[in-house]
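What follows is a set of notes on a single structure, which appears directly below.
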Amino acid sequence: MDFIPIKNKESFLLKSRFILTWDKGLLENAGIEVQNKVIARIENFKLLKKSFTGKVLDLGETLLMPCLVNVHLHLELSHLKNKIKQGLGFLPWVKEVIRLKSTLNPSETELKKAISQLISSGVGIIGDVGNNFPPTYEKLLNKNIKGVYFWEHLGFKKRRISKEVFKEEPLIYSLSAHAPHTVSSEMIKYLKEKTLKMKKPFSIHCAESEEEVEFLKKGKESTWGKFLLERGFEFSEIPVKETPVKYLEKLGILDSLTVLVHCLYLEEEDYYAIKKGGANVCLCPRSNYFIQNKVPDPRKFLKAGISVCVGTDSLASNTDLDLWKELEFLSEKFPEVPGEELLKMATLNGARALCFLNCGKISVGSKPELIAVDVEKLPKNKKTLINNLLNSEKIIRYRIYEET
Ligand SMILES: [Zn+2]
């Protein structure tokens, strides 16, 4: 892959066989004019060239598109790759993660490998969740990865954050509550309010397992409740006799700055609640399949008009961090979902969920955070190009990014 960093005050034309814009659809033989780190014009290349005398970068037989956005991962668990058996079920998987975290030390080599896999698969923006603050790996990030680091909190005890947590670069820092079955309602509200005040995204795992759903309904009598009691947790406020989504709705969490991760076990009414609140849903299909042999149905979210994005989750519940493979997996399970819709989840919707509002699209005024994917061997048919691309091997030829 060749890297094309964009510096201040630079202006040039990018030429590619196909350009995926979202608002203007898929363009053929078009070009993009970049000026001062912003997309200034998108036109037929010959037309653009007539009134432009500067540098032209010809990207050849590629599809130029927004870089991918992996909305949910946990880089700090990268050393657990290949350490956990697939299909254990949720609670045994949690027990394995706890056991391995207490016996294995995080490895910088595995972190580096994970980051380089993100880059080589065309990911430019991440939503990473971790318990360390500040994140241990930030110095390892290359300039072509941007994103949000969600500092995750867990537990039913009242805690207050005294240090300054929010910052902008290179990673934006924000907060996350682990999940409705691991964090008190007061703490979930507190963390959400703090992020809302700063207009930052907020992330929470939601409806990932049957254990979580049962816990909110039955409290101490549930499998998860018994597990928490064994570990010394107190949770006097549970059961709430609500679904995880309805519970979070009552806590005032479901606005458009929230990312609900997983949403694997939903009732009909939950879809309406998410749509009404405007929250983003991040699906991690291969992680759900890895742990529970179950896959979320994207058609239900799309039908309800919910903004869906995608994430790989961590290497403790996935074989790699290749976001294309999440799309291929969804495409294989749900061939009725158009390839464009899947790609939109991995670009436009993901960028919006993480509040990168100028990214995830190719339009006048947006940031050129782009990748150029080789389409040389694909049939040059505009109608089938995206589906053909999803179902073939992807080679990312160029990564174009803003140099910060
Ligand atoms: Zn997760």
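Name the pairs whose Cβ atoms lie under 9 Å apart, with the first residue in segment 257-272 and modelled with pLDDT under 95, the second surrounded by fewer than 24 Cβ atoms within 10 Å (Cβ to Cβ), and 6 or more positions between them or separate chains? Pairs that qualify, where the first residue is modelled with pLDDT under 95 and the partner is surrounded by fewer than 24 Cβ atoms within 10 Å (Cβ to Cβ): there are none. Only one of the numbered conditions (1) open to solvent by 30 Å² or more (accessible area, probe 1.4 Å); (2) outside any loop (DSSP other than H, G, I, E, B); (3) not assigned by TED's automatic domain parsing to the domain that holds residue 128 is not met by residue 102, and that is (3). Screening residue 114 on (1) assigned to a loop (DSSP other than H, G, I, E, B); (2) touching a helix residue (DSSP H, G or I) at 6+ places or on another chain (Cβ under 6 Å) shows it passes everything except condition (1).
Selection within segment 296-324: residues that are hydrophobic (A, V, I, L, M, F, W, C) and over 18 Å from residue 343 (Cα atoms). The member of this set that is surrounded by the most Cβ atoms within 10 Å (Cβ to Cβ) is 315. Quick check on segment 179-202. Is at least one of its residues among the small types (Gly, Ala, Ser), under 25 Å from residue 325 (Cβ atoms) and within 16 Å of the ligand (Cβ to nearest atom)? Yes, segment 179-202 contains at least one residue that is among the small types (Gly, Ala, Ser), under 25 Å from residue 325 (Cβ atoms) and within 16 Å of the ligand (Cβ to nearest atom).
Quick one: would you say residue 85 is without any contact (Cβ under 8 Å) to a residue 60 or more places away in the chain, under 19 Å from residue 285 (Cα atoms) and away from the ligand (no atom under 16 Å from the Cβ)? For residue 85, the condition - without any contact (Cβ under 8 Å) to a residue 60 or more places away in the chain, under 19 Å from residue 285 (Cα atoms) and away from the ligand (no atom under 16 Å from the Cβ) - is met. None of 143, 199, 157 is on the phi > 0 side of the Ramachandran plot and either exposed (fewer than 15 other Cβ atoms within 10 Å of the Cβ) or part of a loop (DSSP other than H, G, I, E, B) (or both) except 199. Among the residues of segment 27-51, how many are touching a helix residue (DSSP H, G or I) at 6+ places or on another chain (Cβ under 7 Å) and either open to solvent by less than 10 Å² (accessible area, probe 1.4 Å) or under 22 Å from residue 360 (Cβ atoms) (or both)? Residues flagged as touching a helix residue (DSSP H, G or I) at 6+ places or on another chain (Cβ under 7 Å) and either open to solvent by less than 10 Å² (accessible area, probe 1.4 Å) or under 22 Å from residue 360 (Cβ atoms) (or both) within segment 27-51 amount to 4. In this structure, residue 169 does not qualify as within 16 Å of the ligand (Cβ to nearest atom), in contact with a Ser or Thr (Cβ under 8 Å, 6 or more places away or on another chain), open to solvent by 10 Å² or more (accessible area, probe 1.4 Å) and touching a residue at least 12 places away in the same chain (Cβ under 8 Å).
Considering 250, 192, 218, 275, the condition of being over 26 Å from residue 328 (Cβ atoms) and in contact with a strand residue (DSSP E or B) (Cβ under 9 Å, 6 or more places away or on another chain) is satisfied by 192 alone. Can you tell me which of 87, 60 is open to solvent by less than 70 Å² (accessible area, probe 1.4 Å), assigned by TED's automatic domain parsing to the domain that holds residue 344 and either closer than 20 Å to residue 123 by Cβ or in a loop (DSSP other than H, G, I, E, B) (or both)? Just a single option satisfies the conditions, and that option is 87.
No other residue among 24, 15 is farther than 29 Å from residue 115 by Cβ, open to solvent by 40 Å² or more (accessible area, probe 1.4 Å) and modelled with pLDDT of 95 or more apart from 15.
The values are calculated or read from the model by the stated rules, or taken from the named source; none is laboratory data. Note that this is a predicted model, so its numbers are computed, not measured. With ideal geometry, Cβ positions are generated from the backbone for all residues, glycine too; neighbour counts draw on all protein chains shown. Heads up: the accessible areas ignore ligands, DNA and RNA and are worked out on the full protein's heavy atoms, side chains in. Shrake-Rupley method; radii C 1.70, N 1.55, O 1.52, S 1.80 Å.
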